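Everything below concerns the one structure shown next.
Just so it is clear, none of the values below were taken in a lab; they were calculated from the coordinates. All of these numbers come straight from a predicted model, not from anything done at the bench. Neighbour counts run over all protein chains shown; Cβ positions are idealised from the backbone, glycine included.
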Amino acid sequence: MTQQLQQSPDIANAQHRDIAEWHEANPKRSHGEMLAIAAQRSGLSPLHLGRDFMRHSNSGRGIQITDYLNHQLWDMDLHPDGAADLFVGATTNWPICHTVNSKNWWAAAEDKVMMQTMLTANGIPMPETLAVVDTYSARRYPDITRIEDHNELRDLVLSHPPASLFAKTLDGMVGNGAVVIEAADDTHVTFTGFDAMTWEHVMHTVFGNSRYLIQKRLENHPSIAPFCSGIASVRLPAFIEGQDILAPLAALKMPWGGNVTCAYWRKDNLACGIDPDTGRITRVAAHDGPFTNGLRDHPETPGLVGLQLPDWDKVRSLHEAAARVFADIPYQSTDIALTPKGPVLIELNYAGSFNILQNATGKGLLQPPIKRFFERHGVPWTPGKRRGLLGMFGGR
């Protein structure tokens with residue numbers, strides 16, 4: 001999980017509400033407590049699990065106790081023939097990506113206005129951005145309306161149908177703080193997860209001191225709409241070598257249980273593995289406390305496993321076209337919505353979570369071509385300093 005969700009909340013705006021939700025779902029536990037949970041799940045002794053965890057922890061793959069439980073790395077039936085040794089820890093993401101990528105490109109990809117400007121100039125279909133909510137900076141946004149007070153926001157919202165607008169942070173990650181503008185009239189407005197409030201309270205209560213994009217809300221393609229409570233997105237990585245773009249893993253991030261955004265950290269959301277060549281869903285996974293469990297199918301609506309996603313050739317073509325715009329970022333990823341009008345690029349990411357690919361597919365990231373890619377870019381996978389069991393059980 002990013003540092004953004006590891007901060008402590010201090011005010012009750014949309015971003016800090018999400019931070020509090022993440023902390024509630026991920027309580028701090030000692031190594032001993034986590035191994036006791038794993039022992040109950042696996043039927044193996046804490047001592048056996050402790051030794052196995054230490055082997056993974058010392059491997060140089062950044063495996064922490066949370067990763068060990070999340071992927072159930074002790075389970076040889078789940079991970080036969082050494083497949084558990086292909087998983088990497090969630091917190092390895094940024095150190096590895098900053099080794100591979102030039103930080104000079106960080107803002108170009110992670111500032112959503114800059115990213116959108118570059119991509120739309122290259123003919124990439126993206127959600128229509130109607131305005132930027134910015135109450136404090138001196139920045140101008142070419143060809144985008146700037147909103148500085150609640151009256152301007154009210155005028156924009158009331159000029160569009162109910163529940164047709166979506167708001168997300170200009171430079172945020174993992175869907176933190178994203179909301180749908182559910183309903184509005186002359187005096188009050190309702191955002192996802194908030195009670196109706198007067199327009200005067202919106203800026204502080206929802207947006208806080210963050211800048212937000214207001215966009216037209218997308219619709220899911222009819223083939224996936226019955227499985228979703230919000231807009232799903234395909235996550236494709238791009239490993240770029242010369243003129244070649246490699247995408248050997250693919251995932252579908254699916255909102256469920258009333259969620260309107262697809263980030264997997266949200267309770268009830270699903271992560272689906274996709275065959276990257278055919279676009280067929282191969283696996284559905286969900287949270288079970290500290291574990292990610294593979295499911296037989298969608299928890300309520302059967303037919304998700306084996307589903308052929310629509311327009312897969314167009315999805316792959318859109319992914320590659322966007323990746324080439326940012327080809328100076330050797331490891332990047334895209335999030336693509338499947339809509340009735342065809343695939344739409346929600347955003348392109350500098351790097352991108354390793355864990356969503358692992359959770360969705362049930363496979364470790366270090367498939368041979370990906371491992372070779374990282375090694376060629378200076379990632380050593382050097383085993384760490386060995387720790388004893390006593391030190392481990394005393395840590396968090």
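What to note about this one:
- Which of Leu158, Phe53, Cys97, positive extreme of dipole for the chain (C-beta unit charges): Phe53
- Normalised contact order of the chain, rounded percent, pairs of Cα under 8 Å and 6 or more residues apart: 21 percent
- Identified option (computed P(r) over Cα pairs in 20 Å bins from 0, in percent; candidates (1) 27, 57, 16, 0; (2) 27, 63, 11; (3) 25, 44, 23, 8, 0): (1)
- Pairs beyond 32 Å (Cα-Cα), from Lys103/Lys314; Lys28/Lys314; Lys28/Lys216; Lys103/Lys253; Lys168/Lys341: Lys28/Lys314; Lys28/Lys216
- Of the GluC sites (Glu not before Pro) found in segment 200-256, the ones in coil according to DSSP and having at most 16 other Cβ atoms within 10 Å of their Cβ are Glu219.
- Pairwise centroid distance, computed over Cα atoms, of segment 118-154 with segment 263-326, Å: 30 Å
- With respect to the chain, whose longest principal axis is taken over its alpha-carbon atoms, helix 112-121 is tilted by about 80°.
- For Asp149 and His98, the FRET efficiency from 1/(1 + (r/R0)^6), where r spans their Cβ atoms and R0 equals 35 Å, is about 0.35.
- Point-charge dipole on Cβ atoms (K/R +1, D/E -1) for the chain, about Cα centre, debye to 20: 1360 debye
- Dipole magnitude for segment 186-272: computed about the Cα centre from +1 point charges on Lys and Arg Cβ and -1 point charges on Asp and Glu Cβ, it is near 120 debye.
- Volume of the convex hull of segment 83-173 (Cα atoms only), normalised per residue: 190 Å³.
- Most positive-pole-ward Cα, Cys228, Gln15, Asn359, against dipole of the chain from beta carbon charges: Asn359
- Long-range amide H partners of Leu130 with built H, under 5 Å: Ile214, Gln215, Lys216
- Cα principal axis extents for segment 129-216, largest first, Å: 30, 27, 22
- Ordering Gln243, Val133, Gly342 by Cα displacement along the dipole of the chain toward the positive end leaves Gln243 in first place; charges were set at the Cβ atoms of Lys, Arg (+1) and Asp, Glu (-1).
- Using alpha-carbon coordinates, inclination of helix 46-57 to the longest axis of the chain, degrees: 70 degrees
- Across segment 3-87, Cα-Cα distances exceeding 16 Å account for 58% of all pairs.
- Degrees between helix 14-25 axis and first principal axis of the chain (Cα, 0 to 90, nearest 10): 20 degrees
- DSSP-loop trypsin sites (Lys or Arg not before Pro) across segment 233-323, with at most 13 other Cβ within 10 angstrom: Arg296
- In order along segment 177-182, the Karplus-derived 3J(HN,Hα) couplings, from 6.51 cos²θ - 1.76 cosθ + 1.60 at θ = phi - 60°, round to x, 6, 8, 9, 7, 6 Hz, and Gly and Pro are given as x.
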